[in-house]
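Report on the structure given below.
The values are calculated or read from the model by the stated rules, or taken from the named source; none is laboratory data. Here the structure is a predicted model, which means the values were calculated and not measured. All Cβ positions, even for glycine, are placed from backbone atoms using ideal geometry, and neighbour counts span all protein chains on display.
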Amino acid sequence: MARQSIEEHIEKTFIKLMESRPVDEIDVQLLCKSVDISRQVFYYHYKNIYDVVLAIYAKEQLEINLEDDEHDIIERFINLLFRNEKMNRDIVNSSCEEVIRNLGFSFIYGAFAAFYEKNGVNVDDRLEISLLLASALSQEILRLFKDETYSKKDIQDKLFKYLDYRFFQDVLLKYK
């Protein structure tokens, strides 16, 4: 079986197993048994279960769009979470939460760095601002997402209320 085919099979099986049990109950042994591969084959392709989760998210293609404004950036990460809501809620409520937290942080950081660069903010300031925003926003988005009483619209409204247009304009004026 080709490398890509084995990895796809492992990732699809992992997702399938998540339908019947919590993420933290899926271990290498169960995954290998379900895929019908040896542990050696698993470890040839992945370091651990977190690596499988990371590979699944890597396929999400959350790319930075230079045309995005502040709200688009936030909305794109929220949309990713709700695209496969059950799986993502399981992940954020498991020991694998760090994978999705890092994905959100990296995307938001890169998107805001590009946004502030496009708007003429100098490199040191834009990296500092982007770091602050990425840390706060990725944490708050996941906190709200974990609370199943919040819908996608509720999360967006809450974040957009915190970060109204004036906030971003003030940042641009201060640092240009």
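Brief remarks on what is shown
- Residue check, E97 in the same structural domain as Y150 (by TED's automatic domain parsing) and more than 11 Å from the chain's Cα centre (by Cα): no
- Y57 vs. criteria in a helix (DSSP H, G or I), surrounded by fewer than 17 Cβ atoms within 10 Å (Cβ to Cβ) and hydroxyl-bearing (S, T, Y): no
- Restricting segment 10-54 to residues that are polar (S, T, N, Q) and outside any helix (DSSP H, G or I), the residue that is surrounded by the most Cβ atoms within 10 Å (Cβ to Cβ) is N48.
- Among the residues of segment 45-54, just one is hydroxyl-bearing (S, T, Y) and at pLDDT 95 or above, namely Y46.
- Taking residues in segment 33-46 that are within 15 Å of S5 (Cβ to Cβ) and touching a residue at least 12 places away in the same chain (Cβ under 8 Å), and partners anywhere that are crowded, with 16+ Cβ neighbours inside 10 Å and β-branched (V, I, T), the pairs with Cβ atoms closer than 6 Å and at least 6 places apart or on different chains are V35/I10; V35/T13; Y46/V52.
- Hits in segment 1-37 (condition: among the polar types (S, T, N, Q) and either modelled with pLDDT under 95 or in contact with a His (Cβ under 9 Å, 6 or more places away or on another chain) (or both)): Q4, S5, S20
- Residues that are surrounded by 15 or more Cβ atoms within 10 Å (Cβ to Cβ) and of a type in the set (A, V, I, L, M, F, W, C) within segment 109-130 comprise A111, F112, A113, A114, F115, V121, L127, I129, listed in sequence order.
- Search result, residues across segment 140-150 that are of a type outside the set (D, E, K, R) and loosely packed, with under 13 Cβ neighbours inside 10 Å: T149
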